[in-house]
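Okay, so here's the structure we're looking at.
The values are calculated or read from the model by the stated rules, or taken from the named source; none is laboratory data. Note that the structure is a prediction, hence the values are computed from the model and not measured. Heads up, the Cβs are rebuilt from the backbone with ideal geometry, glycines too, and the neighbour counts pull from every protein chain shown.
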Amino acid sequence: MIFVEALDVIITKKGVKEDHIIVIALDDRSNKELRDPDNMLSFVKERIVDRDTYYIILDEVQLLAEFEDVLNSFMHIRNADVYVTGSNSKFLSSDLVTEFRGRGDEIRIYPLSFREYCSVYEGSADEAWDDYFTYGGLPLILSRETAEEKAEYPEQTGAGGAPAERHR
């Protein structure tokens with residue numbers, strides 16, 4: 001969700017109308033019906049009602065059946081700008097990158113290094129290390145205020161829990 005949250009903020013700041021931003025989190029159970037390719041195409045096409053640009057943002061697209069075909073279908077919608085995220089080996093495979101070569105860009109998001117984390121951390125280096133080791137270096141961890149919010153954040157992103165939990 002890191003990329004989706006950031007992209008939504010950027011698009012909104014550009015003055016794009018909310019109804020022209022279609023965000024679908026496919027890992028949300030309430031969107032289960034949209035994991036079907038035909039349902040997804042119908043859902044999106046029904047929302048495109050004028051010639052202005054629409055921003056289609058699909059989070060965890062690997063959960064969408066036949067997602068390559070769906071993405072290719074979206075490429076035929078002239079006034080659509082499509083963004084997708086994914087977090088597993090199928091989505092990150094070189095075959096997928098090859099299939100969409102020349103028609104898209106791949107952006108990989110990595111955790112901050114400890115040095116980067118410290119450069120924006122408000123507190124001592126020892127406190128920064130405790131937080132970094134406990135919760136990880138995902139950039140938005142720094143915006144979480146309570147220990148509970150910080151602990152929940154890696155799970156929300158699909159990162160599989162905080163580093164301290166993964167390495168027990």
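Going through the range 28-87 one residue at a time, which ones are charged (D, E, K, R), surrounded by 15 or more Cβ atoms within 10 Å (Cβ to Cβ) and farther than 20 Å from Val9 by Cβ? Listed by number, the residues that qualify are Arg35, Asp36. Screening Asp59, Asp28 for residues that are modelled with pLDDT of 90 or more and not assigned by TED's automatic domain parsing to the domain that holds Pro139 leaves exactly one candidate, Asp28.
State yes or no: is Phe3 among the aromatic types (Phe, Trp, Tyr), surrounded by 13 or more Cβ atoms within 10 Å (Cβ to Cβ), in a helix (DSSP H, G or I) and at pLDDT 95 or above? Outline the logic, then answer.
Details: among the aromatic types (Phe, Trp, Tyr): yes; surrounded by 13 or more Cβ atoms within 10 Å (Cβ to Cβ): yes; in a helix (DSSP H, G or I): yes; at pLDDT 95 or above: no.
No; evaluated as a whole, the condition is false for this residue.
Considering the range 117-165, the residues that are at pLDDT below 80 and of a type in the set (S, T, N, Q) include one that is surrounded by the fewest Cβ atoms within 10 Å (Cβ to Cβ), namely Ser143.
In the set (1) of a type outside the set (A, V, I, L, M); (2) in contact with a strand residue (DSSP E or B) (Cβ under 9 Å, 6 or more places away or on another chain); (3) modelled with pLDDT under 90, the condition left unmet by Asn79 is number (3). Taken together, the residues in the range 12-51 that are in a helix (DSSP H, G or I), more than 16 Å from Glu66 (Cβ to Cβ) and of a type in the set (Val, Ile, Thr) amount to 1.
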